[in-house]
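Values in this text are rule-based calculations from the coordinates and carry no lab data. Quick caveat, the model's predicted, so the values are computed rather than measured. For neighbour counting, all protein chains shown are included, and Cβ atoms are generated from backbone atoms with ideal geometry for every residue, glycine included.
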Amino acid sequence: MALKVFDLVCEHGHIFEGWFRSHEDYDSQQQAGWLSCPVCDSVDVTKKLSAPRLNLRHGLGSSQSESNTQSAASEPLPSLETMQAEFLQQIKQAIKNTDDVGAEFAQEARKIHEGSAPERAIRGSATYEEYESLRDEGIQVLAIPDYLDEDKMN
Ligand SMILES: [Zn+2]
């Protein structure tokens, strides 16, 4: 399935990316108020035209053949704000695809690492000591601020 990537901007000027099946899909999501800014959660979001974008997923190739009027060096880099917004959006997306194990996080992460629990992405809470010892054991964990877990905000 081909997805369209649009640069969106909220009423406060935060710029972020949205993925849609079509322009109609964007319109209906926008009208339904499903689009919200990953930085300030405003639903007053509009499409930003031709914003600079750093597409890390597809590498840095292919720009030579497309830019015959401009040299690649004159293309502006995305602002730090844009990159932060994209990063936050990806983290939020990743969080949605994890299993919330709550306070059992450290035990569950260890079980998965040892192979005694099913392999999956989990999230939950851990103390700083638990976090440190998981990392010492070679278990991949990432500390994220609580406010990024949308389930906890309800
Ligand atoms: Zn915003």
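How far apart, in nm, are the 7 Å Cα→Cβ label points at S36 and R110?
3.6
Run the numbers for D27 and V5: contour at 0.36 nm per residue of separation, minus the present Cα-Cα distance, in nm.
Values: separation 22, 0.36 × 22 = 7.92 nm, distance 1.33 nm.
Gain on extension, D27 to V5, equals 6.6 nm.
Over region 72-147, what is the relative contact order in whole percent, taking alpha-carbon pairs under 8 Å and six or more residues apart? The partial results should precede the final answer.
On the way: 51 pairs, mean separation 19.3, N = 76.
The normalised contact order for region 72-147 reaches 25 percent.
Round to the nearest 0.05 the FRET efficiency obtained for L148 and D44 when R0 = 30 Å and r is the Cβ-Cβ distance. Please report the intermediate quantities before stating the final value.
Details: r = 21 Å, r/R0 = 0.71.
My answer for the efficiency is 0.90.
Taking 7 Å along the Cα-to-C-beta vector as the label spot, tell me the M83-E129 distance in nanometres, rounded to one decimal.
3.7
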